[in-house]
Each structure stands twice: as C-alpha cells, then as structure tokens.
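Reviewing the structure listed below.
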Amino acid sequence: MIIGETKLTRVLVGRLEAGEWLHDALLEIARLERVDAAMVRGQGIVDVAELELWEPARKAYGAPLRLSGALELASLSGSVSLRGGAPDVRLHAVVAGPRAEAGPPACAGGRLARGRAVVVELALDVYDDGDLDRSVDDPVTGLPLWRTPRRR
C-alpha cells in the first residue's frame, strides 16, 4: 500500500461541448489551470467511446472496443497526475447505448481510451499540494502507477 496526505484546494467544474475529445480537453484544462493532481468525475452524452479492458496475461490493455452513436455517459471517473513531468489523464467510463425494442439498454465499461463529447459535465477535485506522479512500472500489472508520495 502507498498512501499520502493532501487537502482538496479547489474544484473546477465545467462542460465539454459537441466535438470535444475528453482527454484533449482535460489535458488543456490541466495546462491552463496548472493542475498536477486531481480526481475527475462526470457524466453526459458522447457519440464516440473507445473502451479497453486490461488483459493480465499480456500485462497490457487490449484493443479498444469502439462504440458510436448516441451514448449515455453514465459514469466517468479518473485522475490527472504527472508522468514524465507532464500532465497525464487516466479515465474509466460506463456507457449505455440505445435500448433494444423491449429490453434494457446495452452497457459497456472499461478504461476510456478516447471519447468525444456531445455534452459532458465534469468536475476536477484539485489537490494543489498533491504529489501524484506515475513513475513506477508495476511488475505485476505492467502499468505505470503512482510512486509513493513525498511529504511536503
């Protein structure tokens, strides 16, 4: 286990509009607002979602499942942290597609590799004194993970 302490210093709230790519927009927000450490949450509607699932045997994410059309972004969560000194955005999502004639909507979830907004409302819980840096390549998963936070 690794653990550090920080205080929530500000919350950025906003809306992404039609045609904006989620990762690109969040990286731009991080650059403009000088965000090095934040948790992301949101919901809305997307017209493209590329979802990936982690494949343990390969220690990598598999090829993305590309979904398109009117998709409900039922849940969006993730983080902004540093990797190689630059902001890095990691997102996970659950999306729901159109309802079959009498059945429930189809749902899919996983790591969001790419997503294009129709409209997405989001919040970034920013930790200005946070020290989140993805500099550890985990031998078990192969994923770049946060290193142990330094005390400030």
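The values are calculated or read from the model by the stated rules, or taken from the named source; none is laboratory data. Model, not experiment: these values are computed from the prediction. Neighbour counts run over all protein chains shown; Cβ positions are idealised from the backbone, glycine included.
Tabulated values for the structure
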quantity: Scan of the stretch 44-77 for residues that are buried (at least 16 other Cβ atoms within 10 Å of the Cβ), assigned to a strand (DSSP E or B) and either out of contact with any strand residue (DSSP E or B) (no Cβ under 7 Å at 6 or more places or on another chain) or in contact (Cβ under 8 Å) with a residue 40 or more places away in the chain (or both), ordered by number; calculated: Gly44, Val46, Val48, Ala49, Glu50, Leu51, Glu52, Tyr61, Leu67, Leu73, Leu76
quantity: Criterion (farther than 23 Å from Ser68 by Cβ and either assigned to a helix (DSSP H, G or I) or among the charged types (D, E, K, R) (or both)) met by exactly one of Leu32, Leu8, Leu26; calculated: Leu32
quantity: Index of the failed condition, Ala117 passing every other in (1) in a loop (DSSP other than H, G, I, E, B); (2) under 26 Å from Gly62 (Cβ atoms); (3) in contact (Cβ under 8 Å) with a residue 40 or more places away in the chain; calculated: (1)
quantity: Gly97 in contact with a Leu (Cβ under 7 Å, 6 or more places away or on another chain), modelled with pLDDT under 95 and either polar (S, T, N, Q) or in a strand (DSSP E or B) (or both); calculated: yes
quantity: Flag for Arg116 being farther than 18 Å from Pro144 by Cα and of a type in the set (Lys, Arg); calculated: yes
